[in-house]
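The values are calculated or read from the model by the stated rules, or taken from the named source; none is laboratory data. Quick caveat, the model's predicted, so the values are computed rather than measured. FYI the Cβ positions are ideal-geometry reconstructions off the backbone, even for glycines, and counts take in every protein chain you see. Just the protein is used for accessible areas: all its heavy atoms, side chains included, with ligands, DNA and RNA removed. Shrake-Rupley method; radii C 1.70, N 1.55, O 1.52, S 1.80 Å.
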Amino acid sequence: MPQNNTTQQPTLPNRIIPFMWHFFRKHKWKFFGVLTTVLITFLVGRVSTKLLFREIIAEIEHFSGDKSAIIEHIGILLFAMIAAEVIAEVSTVLRDILDRHMTPVLRKNINLELLDYTHKHSYTYFTDNMSGSVARKISDIQSSLLDYFYPLITWELIPSIGFLIINIVIFSLIHPLLGGALIAWTIIQFIIMMFSIKKWNVYQKESAEADSIVSGKLTDSLINFMNVKFFS
């Protein structure tokens, strides 16, 4: 029987969220733990403590009894605020512990899997791409995932979504039109952001490709220069 000599090229997800999840799913419980602790820190540490502090100030301003009894009057609120601060601090420590256990392993796994993915390419790929450029691309991908997208999603995007939901609820309770206006403004901002990100990704990809080519040529040039010096 005739054999099919066509080499099937290796594939990885070509969108950022599936691409990230491809690596993070092996550490999904730690990743979800980080997300949970971030939400707890935000909701308890930022929102609850501010609301409780505002209530304490309001109670003190409107308190008309004996000043010596003011601590007893605000005791429950004060205890709740201290407890919220402790919970937020413990949650922050847990987040840092999970992150420090997960991130180094992820860096190693991403580099090794991308290296293995590169090894499966055809001979033509290696003749068309310099080794230094390929190595730089692997390093850039790993760095982009763990130093940019991962912090962006966990420490900025998730708290921002939580804060937005809280504001929508509060505005809707004040007046439904205010809640609707905030939702409409959010949708408009999201559309503008997505359009800007697509444009930014095109320019960023071109810049990264150019940077990788320059870095690869410099690396290969130095290696070749050293080999010439060594054998001369």
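Remarks
- Test: residue in region 87-103 that is modelled with pLDDT under 85 and among the basic types (Lys, Arg): no
- Residue check for Ile192: assigned to a helix (DSSP H, G or I), free of Cβ contacts under 8 Å to residues at least 12 places away in the same chain and either basic (Lys, Arg) or more than 30 Å from Arg107 (Cα to Cα) (or both): yes
- Pairs where the first residue, in region 42-63, is over 14 Å from Ile82 (Cβ atoms) and the second is among the aromatic types (Phe, Trp, Tyr) and in a helix (DSSP H, G or I), C-beta under 6 Å, 6+ apart: none
- Condition check for Leu94: touching a residue at least 60 places away in the same chain (Cβ under 8 Å), open to solvent by 60 Å² or more (accessible area, probe 1.4 Å) and in a helix (DSSP H, G or I): yes
- Qualifying residues in region 47-81 (those that are among the aliphatic types (A, V, I, L, M) and touching a Leu at 6+ places or on another chain (Cβ under 9 Å)) - the one most open to solvent (accessible area, probe 1.4 Å): Ile71
This table checks each residue for (1) among the hydrophobic types (A, V, I, L, M, F, W, C); (2) under 21 Å from Ile17 (Cβ atoms); (3) in a helix (DSSP H, G or I); (4) touching a helix residue (DSSP H, G or I) at 6+ places or on another chain (Cβ under 8 Å).
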residue: Val134; (1), (2), (3), (4): yes, no, yes, yes
residue: Asp140; (1), (2), (3), (4): no, yes, yes, yes
residue: Ser143; (1), (2), (3), (4): no, yes, yes, no
residue: Tyr148; (1), (2), (3), (4): no, yes, yes, no
residue: Ile158; (1), (2), (3), (4): yes, yes, yes, yes
residue: Val169; (1), (2), (3), (4): yes, no, yes, yes
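- Search result, residues across region 97-121 that are touching a residue at least 40 places away in the same chain (Cβ under 8 Å), within 18 Å of the chain's Cα centre (by Cα) and open to solvent by 80 Å² or more (accessible area, probe 1.4 Å): His101
- Subset of region 20-29 that is open to solvent by less than 80 Å² (accessible area, probe 1.4 Å) and touching a residue at least 12 places away in the same chain (Cβ under 8 Å) - its residue that is farthest from Met102 (Cα to Cα): Met20
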